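Written out below as structure tokens is the structure these notes cover.
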């Protein structure tokens, strides 16, 4: 014995009961009562009609088994070292005063600036020497291509 489900309400339809509706695209709909068929043909939304199974499922009605509220676990916080720095060095940095930290930052910035300046002066000397002998007349791109010069 096969028990079908109502396409609109979700109720059980026992053999030899209910109506069968076949739409133009050959989709089959089964209805337990003419009330369900009528509401379906009126294009009513079963999710908005309180007595349908779809409505009850959506609004969590009639669920008596899951009464006990699920307890959520509290997350436990751990402190771990980051790659390249162990936990002791991180804690030491955290306990530093802001004045000491700003002083260290300024020292690091000034050191980086002096290194950059030294690098630039070293790079500038060979570049200036290479540019000096090239004293040929300036030629525009247009002239190089064989166009008219100004």
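Taken over the range 73-107, residues that are within 37 Å of the chain's Cα centre (by Cα) and assigned to a helix (DSSP H, G or I) amount to 12. Of the residues examined, residue 84 is one that is exposed (fewer than 11 other Cβ atoms within 10 Å of the Cβ) and on the phi > 0 side of the Ramachandran plot.
Restricting 17, 44, 35 to residues that are surrounded by 11 or more Cβ atoms within 10 Å (Cβ to Cβ), outside any loop (DSSP other than H, G, I, E, B) and out of contact with any strand residue (DSSP E or B) (no Cβ under 6 Å at 6 or more places or on another chain) narrows the list to 35. Tallying residues that are assigned to a loop (DSSP other than H, G, I, E, B) and surrounded by 13 or more Cβ atoms within 10 Å (Cβ to Cβ) within the range 20-32 yields 1. Set side by side, the residues 99, 50 differ, and just one is within 30 Å of residue 21 (Cα to Cα) and exposed (fewer than 10 other Cβ atoms within 10 Å of the Cβ), which is 50.
Summed over the range 128-146, residues that are surrounded by 10 or more Cβ atoms within 10 Å (Cβ to Cβ) and at pLDDT below 75 total 0.
The values are calculated or read from the model by the stated rules, or taken from the named source; none is laboratory data. Computed from a predicted model, the values in this text were never measured in an experiment. Because the Cβ atoms are built from the backbone with ideal geometry, glycine has one as well, and the counts that use them run over all protein chains shown.
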